[in-house]
Amino acid sequence: MSKTTTNKTYVCDVIHDEETGDQILQFPEELTEQCDWRVGDTLSFKTTPEGVVITNLDWKKRSKRAKLLKGKKNAI
């Protein structure tokens with residue numbers, strides 16, 4: 001299952017971390033909730049002519065883990 005957000009534009013702030021020099025994208029809470037993104041998730045960014053495609057690389061693993069746990073609950 002994939003989660004796709006279309007026809008909506010989000011604006012993200014870029015925060016500069018003075019200690020590390022990193023540039024950090026701060027996503028709107030509405031977007032992170034809609035996409036089920038969590039702190040620590042690994043995101044992949046791909047630029048296309050239409051915009052940027054962001055894929056959560058941890059979402060699939062989390063979904064598989066939830067299914068396994070659900071199966072174990074039903075077995076008890």
Open item on the list: Return the pair list, or none, for Cβ contacts closer than 9 Å from residues in segment 34-47 that are at positive phi and in contact (Cβ under 8 Å) with a residue 24 or more places away in the chain to residues that are assigned to a helix (DSSP H, G or I) and surrounded by 10 or more Cβ atoms within 10 Å (Cβ to Cβ), at least 6 apart or on different chains.
Closed with: Asp36/Trp59; Asp36/Arg62
Task: Meets criteria (at pLDDT 90 or above and either polar (S, T, N, Q) or surrounded by fewer than 10 Cβ atoms within 10 Å (Cβ to Cβ) (or both)) for Glu19 - done: yes
Open item on the list: Suppose we keep only residues that are assigned to a strand (DSSP E or B) and over 8 Å from the mean Cα position of the chain (by Cα) within segment 34-59. Which one would you say is surrounded by the most Cβ atoms within 10 Å (Cβ to Cβ)?
Closed with: Val53
Task: Unmet criterion (only one of (1) surrounded by 11 or more Cβ atoms within 10 Å (Cβ to Cβ); (2) modelled with pLDDT of 75 or more; (3) β-branched (Val, Ile, Thr)) for Val11 - done: (1)
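The values are calculated or read from the model by the stated rules, or taken from the named source; none is laboratory data. Bear in mind that the values here come from a model prediction, so they are computed numbers and not experimental data. So basically every Cβ, Gly included, is an ideal-geometry build from the backbone, and we count neighbours across all protein chains shown.
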